[in-house]
Amino acid sequence: MNNHFKQIFLGTVQHNTTLSNRERVCDTQTAVCAAAKLISRRRMRSSGRWSKAMSILKEFEEQCATPVGKLRQVADAMTAEMHAGLASEGGSRLNMLNSCVDNLPTGDEHGLFYALDLGGTNFRVLRVQLRGRHGRVAKQEFTEVSIPPKLMTATSTELFDFIAKELARFIATEREGFFVPPGSRRELGFTFSFPVKQLSITSGTLIRWGKGFSIDDSVDKDVVVELTKALDRQGIHMRVAALVNDTIGTLAGGKYFNNDVAVAVILGTGTNAAYVERAHGIPKCHGLQPKSGEMVINTEWGNFRSSHLPVTKYDQALDQDSLNVGEQIFEKIISGMYFGDIVRRVLCKMAEETGIFGDIVPPKLKTRFILKTPEMSAMHHDTSLDLTVVGRKLKDIFGISDTSFETRRVVVELCNIVATRAARLSAAGILGILKKMGKDTVKEGEKQRTVVAVDGGLFEHYTAFRSCLESTLNELLGDEVAHTVVIEHANDGSGIGAALLAASHSQYPEVEES
């Protein structure tokens, strides 16, 4: 018997000690019957609610399904969009941007170079001292700064002034071991991880924002000019030697240390991919062909869209509430910025329609982006017997306490569904690029090894996501080809890569420090 009703029963017996035995028996039977009916009603109500919650979960799981056949369709669609984007401007949802990088770093670079990596809610500034092929990266320092949310929707001047002030603080900490040749000014590689129409290696106009940024007065403006003006306002004597995307930086950094790197993918707050394309395979690029015969292409695959993508009503609602409705659909499904909010939206649906968290929907469950991907990852990876971490996160983030073990398991399963879908679609996207490069098959008599350099917090820290991506790519490639394709974590690749590209495009002759 339920303890609560057992207490009621005992209290009734104790209270009626003066009654006759027959009266006591009758009172006892009445209490027991009442308790039984109440328990029965609660169980029926709970069972109905639970059944509805399971129905919502099952429907979501089915809509997110990524069988191998669907993944191959996504890969083929990605390849087709890449061809279309290379053929003509505006011919595809994939911009397939010319990065103006036709020569990647060789390893012979010398000198002190800075990098600014702006790609999400944080930005990094770093400096490296390069000492050629034998010394490589002799010394490296960096700092990371959070961008105040209000600046993500402010003005171009306000955002770049904030960045320049933080860069000035970092330059002021330059100490022994870093060498600037006399008469030279510092040079910087600028990693700007948003769609840009590249005009030259040191110039590019912003096409659109993403990742929560919406600063209208900077669209169609040269971001290098905007940064340079901010540097001048802070009195910083520094030249922007290279403007690159984070994926271009990751590709450059990866190839600096491993010559087999041919593809770079970012899987973090946002997502993108870049690869080395044959120059004659870019019909929309007219004029002189680069001497190297190759060009690094920034795909901007976050804007990929296909009827084969498993898009749910929760994804559609998230898109409608976003700052860029109808854009970056692939990114909104597979990148870290949106994971937690997809999970939150499903939990909110359950709370509203099933009362899984009680008769009143927890107010914080209606707060957009309150659930961050690191917290979601912590719940997904909870291995405790009673899912203690899940219970604690639900209480700390949403104010939901006293959750049952079954409810916590539902939360873990939701995390698994969202992360698995994203990982498998990411693998399909990589397969699409490999197909475009002709690296999805093994050519007889040809020694083949293709390295995909991957950077970003989602790939680095979300273990289940990373494992699923790797196993899915192997599954799609098949055993024979899978042995020729390697995924490597390019830690801090985009920052290092920007500094390396600044070095390879320096206006000064290489000077070896004594």
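The values are calculated or read from the model by the stated rules, or taken from the named source; none is laboratory data. Note that the structure is predicted; figures quoted are calculated from it, not measured. Virtual Cβ from ideal backbone geometry, glycine too; neighbours counted across all protein chains shown. Each accessible area value is taken on the protein alone, full model and side chains, heavy atoms only, with ligands, DNA and RNA left out. Shrake-Rupley method; radii C 1.70, N 1.55, O 1.52, S 1.80 Å.
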Given Cβ charges of +1 for Lys and Arg and -1 for Asp and Glu, the option among Ser404, Val389, Val451 whose Cα lies farthest towards the positive end of the dipole of the stretch 389-461 is Val451
Using a/c under 1.5 as the rounded threshold, could you call the stretch 295-413 rounded, prolate or oblate? The axes a ≥ b ≥ c are square roots of the C-alpha gyration tensor eigenvalues, and prolate needs a/b larger than b/c, oblate otherwise. prolate
Given [x] 30.4; [y] 36.7; [z] 28.2 as candidate values of mean projected area of the Cα convex hull in nm², which corresponds to the one derived from the coordinates? [x]
Kirkwood-based Rg over Rh for the stretch 61-165 (C-alpha set), two decimals? 1.12
Going from the alpha-carbon gyration tensor of the stretch 48-119, what semi-axes, largest first and in whole Å, does one get by taking the root of 5 times each eigenvalue? 43, 22, 12
I need the peptides 246-256, 409-419, 269-279 ranked by packing, meaning the mean over residues of other C-beta atoms within 10 angstrom, with the highest value on top. 246-256, 269-279, 409-419
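Give me the dipole magnitude in Debye, nearest 20, for the stretch 343-436 about the Cα centre, with unit charges on the beta carbon: positive for Lys and Arg, negative for Asp and Glu.
On the way: 16 positive and 10 negative charges, 138 e Å.
With Lys and Arg at +1 and Asp and Glu at -1, about 660 debye.
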If one takes the longest principal axis of the Cα atoms in the chain, at what angle in degrees, from 0 to 90 and to the nearest 10, does the Cα axis of helix 3-15 lie? 30 degrees
Label-point gap, in nm, between Asn416 and Thr367 - each point 7 angstrom along Cα→Cβ: 2.9 nm
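For the stretch 127-212, how big is the tail of P(r) above 16 Å, as a whole percent of Cα pairs? Each step should come with its number before you reach the end.
Details: 2481 of 3655 pairs.
Percent of Cα pairs beyond 16 Å in the stretch 127-212: 68.
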In Å, the C-alpha Rg and Dmax of the stretch 192-289 are 15.3, 44
Using +1 on the beta carbon of Lys and Arg, -1 on that of Asp and Glu, and nothing else charged, what's the dipole of the stretch 408-503 about the Cα centre, debye to 20? 280 debye
How far is helix 68-87 tilted off the main Cα axis of the chain, in degrees rounded to 10, range 0 to 90? 30 degrees
How many angstrom lie between the C-alpha centres of the stretch 325-404 and the stretch 127-143? 42 Å
Take the residue pairs Lys211/Lys313; Lys197/Lys284; Lys364/Lys393; Lys139/Lys229 and return only those whose Cα atoms are more than 23 Å apart. Lys139/Lys229
For the pair Phe405/Gln289, report the inter-label distance in nm, with labels modelled 7 Å from Cα in the Cβ direction. 6.7 nm
Please compute the length gained on full extension between Glu174 and Ala138, using 0.36 nm multiplied by the number of residues separating them and subtracting their Cα-Cα distance. 11.5 nm
Go through Phe170, Ile356, Ala242 and say which Cα lies farthest out towards the positive end of the charge dipole of the chain; charges sit on Cβ, +1 for Lys and Arg, -1 for Asp and Glu. Ile356
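Excluding Glu327 itself, what net charge comes from residues whose Cβ is under 12 Å from its Cβ, given Lys and Arg +1 and Asp and Glu -1? Working shown, then result.
Values: positive: Arg93, Arg208, Lys211, Arg305, Lys332; negative: Glu300, Asp319, Glu331.
Every neighbour counted, the sum reads +2.
Rounded, prolate or oblate: which fits the stretch 370-512 when a ≥ b ≥ c are the square roots of the eigenvalues of the alpha-carbon gyration tensor, with rounded for a/c under 1.5 and prolate only if a/b beats b/c? Don't skip to the end; give the middle numbers.
Numbers: a/c = 3.71, a/b = 1.61, b/c = 2.31.
Oblate.
Of the listed peptides 311-320, 461-470, what is their order by residue-averaged count of other C-beta atoms within 10 Å, with the highest listed first?
On the way: 311-320: 16.4, 461-470: 19.2.
Ranked from most to least packed, the peptides come out as 461-470, 311-320.
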What does the accessible area per residue of the chain come to in Å², with a 1.4 Å probe and no ligands, DNA or RNA counted? 45 Å²
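Could you sort 175-186, 350-361 so that the peptide with the highest average Cβ count within 10 Å comes first and the rest follow in order? Write down the numbers at each step before the final one.
Working: 175-186: 12.4, 350-361: 16.4.
Packing proxy ranking, top to bottom: 350-361, 175-186.
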Carbon + sulfur, % of accessible area of the chain - ligands and nucleic acids excluded, 1.4 Å: 50 percent
How high is the relative contact order of the chain, in percent, counting Cα pairs under 8 Å that sit 6 or more residues apart? 21 percent
When only Cα pairs under 8 Å and 6 or more residues apart are kept, what is the percent relative contact order across the stretch 223-377? 16 percent
Spin-label pair Arg392/Leu151, simplified geometry with 7 Å Cα→Cβ offset, distance in nm: 3.2 nm
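About the Cα centre of the chain, how large is the charge dipole given +1 on each Lys and Arg Cβ and -1 on each Asp and Glu Cβ? Please answer in debye to the nearest 20. Provide the component values of the computation, followed by the final result.
Values: 61 positive and 61 negative charges, 378 e Å.
Result for the chain is approximately 1820 debye, rounded to the nearest 20.
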From the Cα centre of the stretch 47-99 to that of the stretch 248-278, the distance in Å is 22 Å
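Using a cut-off of 10 Å between beta-carbons, work out the net charge of the residues near Ala423 (Lys and Arg +1, Asp and Glu -1, Ala423 not included).
Details: positive: Arg421, Arg424, Arg466; negative: Glu470.
Computed value for this residue: +2.
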Tilt, helix 21-63 to longest principal axis of the chain (alpha-carbon atoms), in degrees rounded to tens, equals 20 degrees
